[in-house]
1. Has segment 85-93 got at least one residue that is in a loop (DSSP other than H, G, I, E, B), touching a residue at least 60 places away in the same chain (Cβ under 8 Å) and surrounded by 12 or more Cβ atoms within 10 Å (Cβ to Cβ)?
2. Consider only pairs whose beta carbons are under 6 Å apart and that are at least six residues apart or on different chains; among these, list those whose first residue lies in segment 10-35 and is farther than 22 Å from L46 by Cβ and whose second residue is open to solvent by less than 20 Å² (accessible area, probe 1.4 Å).
3. Within segment 53-71, can you find the residues that are among the aliphatic types (A, V, I, L, M) and within 14 Å of the chain's Cα centre (by Cα)?
4. Are there any pairs with C-beta distances below 6 angstrom linking a residue in segment 37-66 that is closer than 12 Å to E12 by Cα to a residue that is surrounded by 18 or more Cβ atoms within 10 Å (Cβ to Cβ) and of a type in the set (S, T, Y), with the two at least 6 apart or on different chains, and if so which?
Amino acid sequence: MSQSPLSSPPSELHEAADRFIDSLRRKNFSAHTIRSYSIDVDQFVLYCSPSGAAPALPREIDRLAIRAFMGERFRGGSASRTVARKLASLRTF
C-alpha cells in the first residue's frame with residue numbers, strides 16, 4: 001500500500017499489511033497469489049479505516065469486524081469463491 005507524499009503517515013494497520021505482503025514475497029509465493037492477497041488485504045484495511053476516523057489498530061480487529069467485511073463483500077455482489085479467497089487472505093494475514 002503506497003501513500004502519497006501529502007497523506008498522513010501510514011497507520012499501524014497499513015504497516016502490518018505491508019509487512020504481510022513482503023513476507024509473502026520472501027516466501028516465494030506466486031505473483032498471482034501476492035497480487036490477490038494484496039488486493040484483499042488492502043480492501044480490508046480500507047474498510048477498517050473509515051474516512052474522518054482513526055484507522056483501527058491490528059489488535060482491535062476481531063471476528064465481528066471480519067464478518068462485517070465479508071457481509072459487505074457479499075452485499076456488494078462478490079461471488080462466493082471471491083469472498084472465500086478474501087477470508088483465506090485475512091486468515092493468513
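1. yes
2. none
3. A56, L57, I61, A65, I66, A68, M70
4. P55/S11
The values are calculated or read from the model by the stated rules, or taken from the named source; none is laboratory data. In this text the structure is predicted, and so the values were computed from the model without any measurement. When we count neighbours, we look across all protein chains shown, and the Cβ atoms used for this are built from the backbone with ideal geometry, even at glycine. The protein model used for the area step is the full one, side chains on, heavy atoms only, and it has no ligands, DNA or RNA in it. Shrake-Rupley method; radii C 1.70, N 1.55, O 1.52, S 1.80 Å.
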